[in-house]
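The values are calculated or read from the model by the stated rules, or taken from the named source; none is laboratory data. This structure is a prediction, so every number in the text was calculated from the model and none was measured. Quick reminder, even Gly has a Cβ in these numbers, built from the backbone with ideal geometry, and neighbours come from all protein chains shown. All accessible areas refer to the heavy atoms of the entire protein, side chains included, with ligands and DNA or RNA removed. Shrake-Rupley method; radii C 1.70, N 1.55, O 1.52, S 1.80 Å.
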Amino acid sequence: MTSDRLTFALEAGLDLPQEGPVLVLGAPGDAVLDALPQDRCTLVQPSFPDHAALARRGWDMAQAPEGPFAAALVFVPRARELAEARIAQACAAAKGGLVIVDGQKTDGVESLLRAVRDRVPLLGQVSKAHGRVFWFAATDAFADWARGPVQLANGMWTAPGSFSADGEDPGTTLLLAALPAKLGATVADLGAGWGALAAGVIPRETIGALHLVEADQAALDCARRNLPDPRVQFHWADATTWTPPALLDAVVMNPPFHTGRAADPGLGQTFIAAAARVLKPSGQLWLVANRHLPYESTLAERFRTVEEVAGDTRFKILHATRPAR
């Protein structure tokens, strides 16, 4: 459960408008939002698991803000460029209103506060639970922070805050070099991001359907631009719970292993379990992982055969076949 800094800020002087709609950008699924007027709030959360969790709690969810709003609350993400983009988005949506920023110190809220204070006067701030809330009047002073998709030199599009937004991850490059010419007719890329791995897979003529499963809506929107091939199907979903139309011949993936600043091998292990669940009895999994991550035992539990087929000092390419039901 995230900290209730917002209630503390309201008790310390934050004056939330008594009328008008309120925009909430990037709230975690377990965010404490008791201090907000739920009937006046619209939440935008591009991460599918958080979006689904908030919707289950009864919050009004939207794909994009449709203002104007009396106030906008920004939850600070880990990626600095994405945090700045959300502040610009909040200012544009709440013109003449109030912008509130809530973040953890470990996610860079202190440096973000300094950057904001260099441009506009703050109306107030509080510090609590290893984080900070600050607020200011919406302004066009942050228009240059507005960021959308960026096209790389190779023509591919990426989004601020997405994994490997500056270009293809070296682990993905290594995995593509190890993949066989034939993967089967139906393939899925779990945690597909903006489509770097899928772009290297789709040229195979044997593929009839390639499912891209990605929780980050912005990254998936980029993948749609990057992969216009009609064989590609896009799924905004949690890869660990997604179910395909039918069991698959193969899964390829470069699974995430961070839920916060610290590495969490458990996340990649849930991706492995998901792959075993969606594959045919004869199906195969190809994945790349940082060499230190302990995936082999989970693979041995979920598949009958497991081998490392390639790698270097940083990464390992693991191939697993015949999922155990």
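Looking at (1) under 19 Å from the mean Cα position of the chain (by Cα); (2) part of a loop (DSSP other than H, G, I, E, B); (3) under 22 Å from T173 (Cβ atoms), which is the only condition W242 fails?
Unmet for W242, out of (1) under 19 Å from the mean Cα position of the chain (by Cα); (2) part of a loop (DSSP other than H, G, I, E, B); (3) under 22 Å from T173 (Cβ atoms): (3).
The conditions are (1) open to solvent by 50 Å² or more (accessible area, probe 1.4 Å); (2) under 19 Å from H130 (Cα atoms); (3) in contact with a Lys or Arg (Cβ under 8 Å, 6 or more places away or on another chain); (4) at pLDDT 95 or above, and P21 fails exactly one of them. Which is it?
All conditions pass for P21, except number (2).
Condition (residue is surrounded by fewer than 20 Cβ atoms within 10 Å (Cβ to Cβ) and among the β-branched types (V, I, T)) applied to the range 163-182: is it met by at least one residue?
yes
Which pairs have Cβ atoms under 6 Å, sit 6 or more apart or on different chains, and link a residue in the range 109-137 that is free of Cβ contacts under 8 Å to residues at least 60 places away in the same chain to one that is hydroxyl-bearing (S, T, Y)?
Qualifying pairs under 6 Å: V120/T139.
So, in the range 152-195, how many residues would count as being closer than 20 Å to V309 by Cβ, of a type in the set (A, V, I, L, M, F, W, C) and outside any loop (DSSP other than H, G, I, E, B)?
Residues meeting the conditions: 8.
Scanning for something closer than 23 Å to T241 by Cβ, at pLDDT below 95 and either of a type in the set (D, E, K, R) or open to solvent by less than 20 Å² (accessible area, probe 1.4 Å) (or both), does the range 272-288 turn up at least one residue? So that I can check it myself, show each step before the final result.
Within the range 272-288, the subset closer than 23 Å to T241 by Cβ is 272-281, 283-288.
Going one step further and asking which of them are at pLDDT below 95, we end up with none.
Taking every residue of the range 272-288 in turn, none turns out to be closer than 23 Å to T241 by Cβ, at pLDDT below 95 and either of a type in the set (D, E, K, R) or open to solvent by less than 20 Å² (accessible area, probe 1.4 Å) (or both).
Rundown of residues vs (1) under 16 Å from E84 (Cα atoms); (2) in contact with an Asp or Glu (Cβ under 8 Å, 6 or more places away or on another chain), yes/no style:
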{"position": "D107", "(1), (2)": "yes, no"}
{"position": "S111", "(1), (2)": "yes, no"}
{"position": "A143", "(1), (2)": "yes, no"}
{"position": "G148", "(1), (2)": "yes, no"}
{"position": "Q151", "(1), (2)": "no, no"}
{"position": "T158", "(1), (2)": "no, yes"}
{"position": "S162", "(1), (2)": "yes, yes"}
{"position": "L174", "(1), (2)": "no, yes"}
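Report, by residue number, each residue of the range 302-311 that is under 27 Å from the mean Cα position of the chain (by Cα) and touching a residue at least 40 places away in the same chain (Cβ under 8 Å).
Of the residues in the range 302-311, the ones under 27 Å from the mean Cα position of the chain (by Cα) are 302, 311.
Once the filter is applied, which keeps residues that are under 27 Å from the mean Cα position of the chain (by Cα) and touching a residue at least 40 places away in the same chain (Cβ under 8 Å), the range 302-311 yields only G311.
Of A250, A275, which residue is of a type in the set (G, A, S), in contact with a Gly (Cβ under 9 Å, 6 or more places away or on another chain), part of a strand (DSSP E or B) and in contact (Cβ under 8 Å) with a residue 60 or more places away in the chain?
Details: A275 fails: part of a strand (DSSP E or B).
Answer to the check: A250.
Among the numbered criteria (1) under 30 Å from G193 (Cβ atoms); (2) at pLDDT 95 or above; (3) in contact with a Lys or Arg (Cβ under 8 Å, 6 or more places away or on another chain); (4) of a type in the set (S, T, N, Q), which one does T106 miss?
For T106, the exception is condition (2).
All but one of (1) within 22 Å of A215 (Cβ to Cβ); (2) touching a His at 6+ places or on another chain (Cβ under 6 Å) hold for D107; which doesn't?
(2)
Please go through the range 200-226 and pick out each residue that is closer than 20 Å to P170 by Cα and open to solvent by 10 Å² or more (accessible area, probe 1.4 Å).
Within the range 200-226, G200, I202, P203, E214, N226 qualify.
Do we find that D140 is within 30 Å of T7 (Cα to Cα) and either out of contact with any Cys (no Cβ under 8 Å at 6 or more places or on another chain) or open to solvent by 50 Å² or more (accessible area, probe 1.4 Å) (or both) in this structure? Before the answer, list the steps.
Working: within 30 Å of T7 (Cα to Cα): yes; either out of contact with any Cys (no Cβ under 8 Å at 6 or more places or on another chain) or open to solvent by 50 Å² or more (accessible area, probe 1.4 Å) (or both): yes.
Here the answer is yes, as D140 does meet what is asked.
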